[in-house]
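Data first, discussion second: the structure below is written as structure tokens.
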Amino acid sequence: MAIKAYRPITPAQRQKTTEDYDQITTKKPMKSLLKAKKQQAGKNNQGRITVRHRGGGVKRHYRIVTHNLPKNLTFTVEEIEYDPNRSARIARVKDENGVYYYVIADTKMTKGSTFKTGSEIEVEDSSRMPLENIPVGTFVYAIELTPGKGAQMVRAAGAQAQLMAKEDGYATLKMPSNEVRKVLSSCEASIGTVSNVQHQNVKVGAAGRRRRKGIRPTVRGVVMNATDHPHGGGDGGRHGSGKAPRTPWGQLTLGYRTRHNKKTNKMIVRSRHEGKRK
């Protein structure tokens with residue numbers, strides 16, 4: 001995969017780059033695996049904005065991606081497709097019974113390739129099996145947090161986790177964020193790396209490109225009025241707020257911890273912030 005640059009015939013195109021779409025084999029999604037996707041513009045069912053800077057954007061259908069494939073089957077990759085709702089590519093696969101599914105594609109999936117699911121299968125690219133059956137050191141993606149619930153972790157473009165150890169019914173994983181955590185070794189994972197590795201290297205280059213994604217402009221707090229933001233107000237000079245950075249609602253930010261999940265704290269062996277501490 002490579003990054004595609006443009007001839008600089010406009011100021012935006014001088015900076016803009018895009019992913020190549022060489023892995024994609026079809027432009028037409030499967031109608032039975034689509035459903036309508038309503039644009040909520042970041043608002044909840046009461047009409048209040050719960051996610052800022054959202055709105056507009058092009059219309060899109062949601063692809064019904066299966067994160068929990070049936071066990072002990074062989075799947076054939078029919079097509080590799082673009083999904084407007086995620087950074088990774090998706091694969092249209094068919095099982096032995098002729099049933100179609102969408103799954104997250106990895107870097108090794110190509111049109112016509114096959115992979116298997118289950119516990120008594122060979123360790124090969126794209127195979128999906130419990131972590132207890134995967135050799136230590138293997139890179140995996142689409143990992144379950146709860147056995148049988150389906151993939152919840154490591155699903156973004158280019159993401160991969162490494163299986164570091166297996167003991168006492170738990171598997172130790174090094175996550176893409178460098179966090180080291182444990183999950184039950186009966187949880188399933190797929191072998192490989194999520195597709196579209198170059199996604200992180202794309203330069204947006206034009207404001208309209210963000211607007212078509214449904215992302216609206218972000219205004220800095222220091223240029224607002226005092227009534228709108230804790231950083232706001234002042235005489236118009238080039239100065240900050242003179243106090244610790246805060247959200248528009250006065251909550252401390254930049255390093256302030258917001259994660260309070262005591263149930264899973266014991267599963268984290270090494271925090272992703274460990275190396276940053278002085």
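The values are calculated or read from the model by the stated rules, or taken from the named source; none is laboratory data. This is a predicted model, so every value here is computed, not measured. Here the Cβ positions follow ideal geometry from the backbone for every residue, glycine too, while neighbour counts run over all protein chains shown.
Taken over segment 118-155, the criterion of being modelled with pLDDT under 90 and part of a strand (DSSP E or B) is satisfied by no residue. All conditions in (1) touching a Leu at 6+ places or on another chain (Cβ under 8 Å); (2) surrounded by 12 or more Cβ atoms within 10 Å (Cβ to Cβ); (3) at pLDDT 90 or above; (4) closer than 26 Å to GLN160 by Cβ hold for TYR100, with the sole exception of (4). Condition check for ARG211 on (1) outside the structural domain of VAL123 (by TED's automatic domain parsing); (2) assigned to a loop (DSSP other than H, G, I, E, B); (3) surrounded by 14 or more Cβ atoms within 10 Å (Cβ to Cβ): one failure, at (2). Listed conditions (1) in contact with a strand residue (DSSP E or B) (Cβ under 8 Å, 6 or more places away or on another chain); (2) at pLDDT below 90; (3) closer than 30 Å to ASN133 by Cβ are all met by VAL194, apart from (2). Pairs linking a residue in segment 212-238 that is at negative phi to a residue that is hydrophobic (A, V, I, L, M, F, W, C), with Cβ atoms under 6 Å and 6 or more positions apart or on different chains, are ARG212/VAL58; HIS231/VAL222; GLY232/MET224; GLY232/ALA226. Taken over segment 180-204, residues that are among the β-branched types (Val, Ile, Thr), assigned to a loop (DSSP other than H, G, I, E, B) and within 23 Å of THR25 (Cβ to Cβ) amount to 2. In summary, LYS108 fulfils each of the numbered conditions (1) under 13 Å from VAL194 (Cα atoms); (2) in a strand (DSSP E or B) with the single exception of condition (2). When the criteria are applied in full, TYR82 meets the requirement of being in the same structural domain as ILE143 (by TED's automatic domain parsing), under 21 Å from GLN160 (Cα atoms) and modelled with pLDDT of 90 or more. Does segment 242-259 include one or more residues that are within 30 Å of GLU167 (Cα to Cα), in a loop (DSSP other than H, G, I, E, B) and not assigned by TED's automatic domain parsing to the domain that holds SER185? Yes - at least one qualifying residue is present in segment 242-259. Surrounded by 15 or more Cβ atoms within 10 Å (Cβ to Cβ) and within 14 Å of SER195 (Cβ to Cβ): is that true of ALA161 in this structure? In short, no.
Of all residues in segment 64-86, those that are in contact with a helix residue (DSSP H, G or I) (Cβ under 6 Å, 6 or more places away or on another chain) and part of a strand (DSSP E or B) total 0.
Contact map, segment 6-35: first residue farther than 15 Å from LYS203 by Cβ, second residue surrounded by 14 or more Cβ atoms within 10 Å (Cβ to Cβ) and small (Gly, Ala, Ser), Cβ cut-off under 9 Å, separation 6 or more or different chains; pairs are GLN23/ALA105; GLN23/SER195. The set of residues from segment 175-214 being over 30 Å from GLU144 (Cα atoms) and under 22 Å from the mean Cα position of the chain (by Cα) comprises LYS203, VAL204, GLY205, ARG209, ARG210, ARG211, ARG212. The criterion of at least 2 residues that are not polar (S, T, N, Q) is met by the following strands (runs of 3 or more DSSP E) wholly inside segment 1-43: 3-5, 34-36.
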